[in-house]
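A.B. asks: I have a structure I would like to understand better, so I am pasting it below and will then ask my questions one at a time.
The values are calculated or read from the model by the stated rules, or taken from the named source; none is laboratory data. Please read all numbers here as calculations on a predicted model, not as lab measurements. Heads up, the Cβs are rebuilt from the backbone with ideal geometry, glycines too, and the neighbour counts pull from every protein chain shown.
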Amino acid sequence: MSTAGNKPAIRLLLLVGDRYGGNCTMGGNKLSILDKFRSFGWDLTLAGVEKTASPCPFAAERGAVPLDLNCTVSEIDDVAAFDGISVLPGPAFRGLIESPHALALIKTGFEQGLVVSGWCRGVRVLAAADVVRGKDVVCHSDDRAFIEQAGGIFVGHDHPPVIDGTVVTGARSYHYRAKNAEAIKKAMAQRLGAQ
């Protein structure tokens, strides 16, 4: 595990859906999501239902390639080894939503006080794991009904990220990329400061 000074690095479990969004690895004129988290000095573990994740068609057309993940969600025995869980953006999450192991990781992490976050359509996975009940949620407008059925409170799509307890949600992953990452960092600092 990497360290920053005498403090151990924050360990973040990144869950990747059926296809990952271009903002995960492609920067454009700003850091990609993965590079932004790395700039914090965090120890990242990428996991999905499968060991490899393909890019969404938009990202693939722009040169993104399949990602080799560190592990599958079923290989993770102890979510307490992490400080937070973040569901990365992408267009499809059927695999994670249908994975009892993935949903249990998120739910258990939430119950143990880990920071749990969802980017873009990844908030659907948080809803399926039953961690948005009573929480303010930023998501796509067409995901509103799904979030509200899970007891979440839709606050908008074209909206900065929201921190509600240890749950962080954000949309518009390109426009709000840095703000979403900073919100997760802030929630992580609040969680670790409270321990």
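A.B. asks: Quick one: I184 ticks every box in (1) assigned to a helix (DSSP H, G or I); (2) modelled with pLDDT of 95 or more; (3) surrounded by fewer than 19 Cβ atoms within 10 Å (Cβ to Cβ) bar one, so which box is it?
C.D. replies: (3)
A.B. asks: Which residues, counting only those in region 155-180, are surrounded by 19 or more Cβ atoms within 10 Å (Cβ to Cβ), modelled with pLDDT of 90 or more and not β-branched (V, I, T)?
C.D. replies: Hits for region 155-180 are P161, G170, A171, N180.
A.B. asks: Which residue pairs have Cβ atoms under 6 Å apart, sit 6 or more places apart or on different chains, and have a first residue in region 48-72 that is closer than 23 Å to A102 by Cβ and a second that is of a type in the set (F, W, Y)?
C.D. replies: Matching pairs, first to second residue: A53/Y20; P55/Y20.
A.B. asks: On the basis of being touching a residue at least 24 places away in the same chain (Cβ under 8 Å) and in contact with a helix residue (DSSP H, G or I) (Cβ under 6 Å, 6 or more places away or on another chain), does V167 make the cut? Before the answer, list the steps.
C.D. replies: Numbers: touching a residue at least 24 places away in the same chain (Cβ under 8 Å): yes; in contact with a helix residue (DSSP H, G or I) (Cβ under 6 Å, 6 or more places away or on another chain): no.
So V167 does not fit the description; no.
A.B. asks: Let me ask another. Name the residues in region 90-111 that are within 17 Å of D164 (Cβ to Cβ) and either at pLDDT below 95 or not aliphatic (A, V, I, L, M) (or both), would you?
C.D. replies: The answer is K107, G109, F110, E111.
A.B. asks: Then there is this: Of all the residues that make up region 122-152, how many are free of Cβ contacts under 8 Å to residues at least 40 places away in the same chain, assigned to a helix (DSSP H, G or I), within 20 Å of N180 (Cα to Cα) and within 15 Å of the chain's Cα centre (by Cα)?
C.D. replies: Residues meeting the conditions: 2.
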